[in-house]
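Here, each number is a calculation from the coordinates, and none is a lab measurement. Everything quoted here is computed from the prediction, not taken from an experiment. Glycine also receives a Cβ, built like all others from the backbone with ideal geometry; neighbour counts cover every protein chain displayed.
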Amino acid sequence: MPDNGWPAERIDTSIAHSARIYDYVIGGKDFYPADKEAGDAMVREWPALPVHMRANRAFMNRAVSWLCEEAGIRQFLDIGTGIPTSPNVHEIAQSVAPDARIVYVDNDPIVLTLSQGLLASSPEGGTAYVEADMRDPDAILRAPEFRTTLDLHRPVGLTVIGIVHFVLDEDDAVGIVRRLLEPLASGSYLAMSVGTADFAPVEVYRVAREYAARGMPMRLRTRSEAEEFFDGLELVAPGLMQVHRWHPDAAHTPVADRDIAMYGAVARKP
């Protein structure tokens, strides 16, 4: 049993997991042979996969920074957190505002096992972790950690980064995001990235096939389908873009559009 009390037998290291594949491909260390085998197979199908995944992570960093610096957001609800990779949301937010508060949500036991890094808040702020599946948004919204960490009378930044392509049509991804936004105050924001095959369909669908073969079917979305997540919200300029094109850093390394399979946007709740 790990120090945090989480039963180790709940972590099946013989089966690849999306969070651990992601960690392996972007150069992390918290993966197992099954994840490495899956990641290697996917990179063979699409050599740009590491570029794509790192660009998605960089989008999250820039979106959180923008929300803190430009929109004054001091609270975040991060859905599908994944394995802790510095900088995490609280590290980015608290570097701007030490009193920022963050609730992380994931349903992978290994994420909780490694969550000490997610809970290392500044003294002025706070972090909490909710073990829940985003397909059950009410379980997230009912969680004591959510209710006690965030003040729902004040705006919240809802971050849903690189996860909805694992939510199939029967689970209603758009409805899930709307339900998570529902209790958040006016002036809250949604920062989100949405998987697509619009730019490299052959290669990206090959990667999707590798995920599906390991029990992780994907639902890739067109631009118009991605736009549905932001209906009723006020898009921040420049709107819905491939993630590497949303507020790029001045010193960013140029990336080809065909190497990115993710749309991203930030939008305000009226």
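Here are a few things to note about the model shown:
- Amide hydrogen neighbours beyond the local backbone of His252, cut-off 5 Å, H modeled: none
- Extension gain from Asp171 to Thr253, taking 0.36 nm per residue of separation minus the Cα-Cα distance: 25.8 nm
- For the listed peptides 199-207, 231-239, a ranking on the average number of other beta carbons within 10 Å per residue, highest first, reads 199-207, 231-239.
- Rounded to the nearest 20, the size of the Cβ-charge dipole of the stretch 27-150 about its Cα centre is 220 debye, with Lys and Arg at +1 and Asp and Glu at -1.
- Calculated [θ] (222 nm, deg cm²/dmol) that DSSP helices of n ≥ 4 give over the chain, each run adding -39,500 (n - 2.57): -10000 deg cm²/dmol
- Percent antiparallel among DSSP beta bridges (both partners in the chain, rounded to 5): 35
- Sorted ascending by nearby beta carbons within 10 Å, beginning with the fewest, Lys269, Lys36, Lys29 become Lys29, Lys36, Lys269.
- Difference of contour (0.36 nm per residue) and Cα-Cα distance, Val202 to Glu228: 6.9 nm
- Ranked by the mean number of other Cβ atoms within 10 Å of their residues, highest first, the peptides 40-47, 83-90 come out as 83-90, 40-47.
- Stokes-Einstein diffusion for the stretch 118-240 at 4 °C, viscosity 1.567 mPa s, with a Kirkwood radius from C-alpha pairs, works out to 80 µm²/s.
- Between the amide H of Thr127 and those of Ile102, Ser121, distances stay under 5 Å, these residues lying 5 or more places away or on another chain, with hydrogens modeled in the peptide plane.
- Prolate/oblate/rounded label for the stretch 8-95 (Cα gyration tensor, a/c 1.5): oblate
- The Cα trace of the chain gives Rg and Dmax of 17.5, 48 Å, the first to one decimal, the second as a whole number.
- Other-chain or far-sequence residues with amide H under 5 Å of Val167's (modelled H): Arg219
- Karplus-based coupling profile of the stretch 59-64, in residue order and whole Hz: 4, 4, 4, 5, 5, 5, with θ = phi - 60° in 6.51 cos²θ - 1.76 cosθ + 1.60 and x standing for Gly or Pro.
- Summing +1 for each Lys or Arg and -1 for each Asp or Glu among the other residues whose beta-carbon sits under 12 angstrom from that of Met42 gives -1.
- Only Cα pairs under 8 Å and 6+ residues apart enter the sum, and on that basis the relative contact order of the chain stands at 19 percent.
- Formal net charge of residues neighbouring Ala200 (Cβ-Cβ distance under 15 Å; K, R +1; D, E -1): 0
- Cα→Cβ-extended label distance, 7 Å offset, between Glu182 and Arg54, nm: 4.1
- Highest-first arrangement of 131-143, 48-60, where packing means the average Cβ count within 10 Å: 48-60, 131-143
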